[in-house]
Structure formats: C-alpha cells, structure tokens
Amino acid sequence: MNGPTTGSLRVNGANLHYEVRGQGPLLLLIPGGAGGAASLDGIADGLAATYTVAAYDPRGMSRSVLDDPEAEQHVAEHADDAFRMLELLSPDEPARILGISSGAITALHLLTTRPERLTRVVAHEPPVVEVLPDAAEHRALVARVQETFRTQGLMPAMAEFAVGLKADGGDTAPPQPEMRLPPQAAARAEQTMANLPYFVGRIVAPFMSYAPDTARLAALTDRLVLAGGEDSRGELSYRPAAHLAERFGTELLHFPGGHTGTTTHPAEFADALLKALTP
C-alpha cells in the first residue's frame, strides 16, 4: 500500500500535521498520550480498504507545532481541532471517530458539542476519572505527578503516574529486556519520548480533570461506543469507560490488548474496530 498523503491545517494557536490514506467515508483517528499520528500506523492501513482514514498529531505533539510552546491546553480546544479536521476532510458528510486515551476525551467532548458531524464515536479507555466515585484519589494522583515532575523531573513523574494507573494500585510490570526495534518503530519510540515532557506538563492535568457532560452523552448512546482493553480490566484507564457504560446501560466493548492495544495488537484491534464502527 502506498504511504499516506500528508498535509498541514492551520488552527487557533497551532499548525496541525495530518495524514490521509484509503477511500470511503471518513474515519478520523485521534491518538492519545504522547503519541502522534505515527503511533496509529499499525491500524491505519488495515482500515484504509474500507474508510478514508485520517490521523493527526494533536497540537503540541510531534509535527503539530504550537505558536506558544507554553500555552495552557484545554480539552475544548483540542476538540475544536478535531472538528476543523472534519470540516476540512469531510465537509458534507458526518464522520466516524476513534479516540484513544486522552484522544478519546477529545472525542467525547466533540460528540457532546458537534453531534451532527458524527455517526459513530469509539472511545477507547478515556481517562475521565471525574466520573468515578473515588475521583478525589485520582485528583491527588495527578497533583503528585505534577509536583514530582516539577521537583524531580520526567522519569520520576512517569514512575509515579504508572503506579497510580495500575489495577488496585499494584506494582508495575518488571523491567523487560531491551529489544532492538526496526528503524521506523525506533523513530516512533524516540518521538514519543520527546513528546513526554509536554504530555506530562501540559496534557495530563487538564485532561484528567475534565468532567464530561454525562447527561448529554446519555442522550447520544446510539452513536457512542465505550471501549476498554481485554488486558487492562481494573486499571484506572479502563474504569471510567466501564463506569459510564454501566451508568448508560450500554455494552462495554472489549478490544484486544490493554491500554496500548493499537500498538501491541494492531491487526486484531483494526478488525475489532471495523465491527464496532457498524451500528
């Protein structure tokens, strides 16, 4: 398959890098965490036979450059970026969206504010911890991560964050032997590492303090798919989607792998997504 067509979209305060491949109705992929469009390459090609697949680097990540690198980040502005992508790439037809992690938070906000532009939203493990009954504990976690980042630096902050995300506050997995990655995968990993300071310093706090409009979402469950990873049951990133699905009386769809199933199980994840996108 030929490589994607790339472009740049000017939005308020940033230039967004995006990539498009395939043909058919638009499917917009919104990456999460410190990943950009390249983090979803593993699933994009498998979807491009059915959809026009677009992915982009969220503002401040990878090739999407902010006018002001120190600018505060807001979920609503990130959702407006996604809306501008829809207006550019599918101006006359509503589209489908997959949001991953923080990208799923963006997708949820877009669904509540621009439902007419969307036919299906798959939200994979959005960490909207404010919907949980123990939300105060997770606010404290975010505060600890921010303070650790400020006083000790990136890696201690990431360690604090990782412990807080595990099921029941359990230990993180033991270190794995270093693997030699193919050049393309190594380049993606390097870019992800370069994005981490921005992610921890600018994204974690505003996104994990975001409280979705649950009443509005409840009225839009005909086009919302809440999803979690088979291997991340009980983890903090999994719990909000499970909680909302139970609250709305809808099914929680399980995808192969855990929170990073798009990377660890790309072919299986793409197959599951194709099924989820069909009402």
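The values are calculated or read from the model by the stated rules, or taken from the named source; none is laboratory data. Every value quoted in this text rests on a predicted model; they were computed, and no experiment measured them. Positions of Cβ are backbone-derived with ideal geometry, glycine not excepted, and every protein chain shown enters the neighbour counts. SASA here: full protein model, heavy atoms, side chains in, ligands and nucleic acids out. Shrake-Rupley method; radii C 1.70, N 1.55, O 1.52, S 1.80 Å.
Checking Thr250, Thr262 one by one, the residue that is on the phi < 0 side of the Ramachandran plot and part of a helix (DSSP H, G or I) is Thr262 and no other.
Listed by position, the helices (runs of 4 or more DSSP H) contained in segment 21-122 that have at least 3 residues being free of Cβ contacts under 8 Å to residues at least 12 places away in the same chain, open to solvent by less than 50 Å² (accessible area, probe 1.4 Å) and more than 20 Å from Leu224 (Cβ to Cβ) form an empty set.
Annotation for segment 56-75: at least one member residue is under 19 Å from Arg117 (Cα atoms) and touching a Gly at 6+ places or on another chain (Cβ under 9 Å). Ser8 versus (1) more than 16 Å from Ala107 (Cβ to Cβ); (2) outside any loop (DSSP other than H, G, I, E, B); (3) in contact with a helix residue (DSSP H, G or I) (Cβ under 7 Å, 6 or more places away or on another chain); (4) open to solvent by 30 Å² or more (accessible area, probe 1.4 Å): which is the lone unmet condition? Unmet condition: (3). Find the residue count for segment 240-257, including only residues that are in contact with a Phe, Trp or Tyr (Cβ under 8 Å, 6 or more places away or on another chain) and farther than 19 Å from Leu274 by Cβ. Count: 0.
Among the candidates Thr221, Thr250, Thr214, Thr263, which residue alone is within 24 Å of Leu154 (Cα to Cα) and either in contact with a helix residue (DSSP H, G or I) (Cβ under 8 Å, 6 or more places away or on another chain) or touching a residue at least 60 places away in the same chain (Cβ under 8 Å) (or both)? Going through Thr221, Thr250, Thr214, Thr263 in turn, the sole match is Thr263. Selection of segment 144-168 for residues being farther than 24 Å from Met193 by Cβ and either at pLDDT 95 or above or open to solvent by 50 Å² or more (accessible area, probe 1.4 Å) (or both) yields only Asp168.
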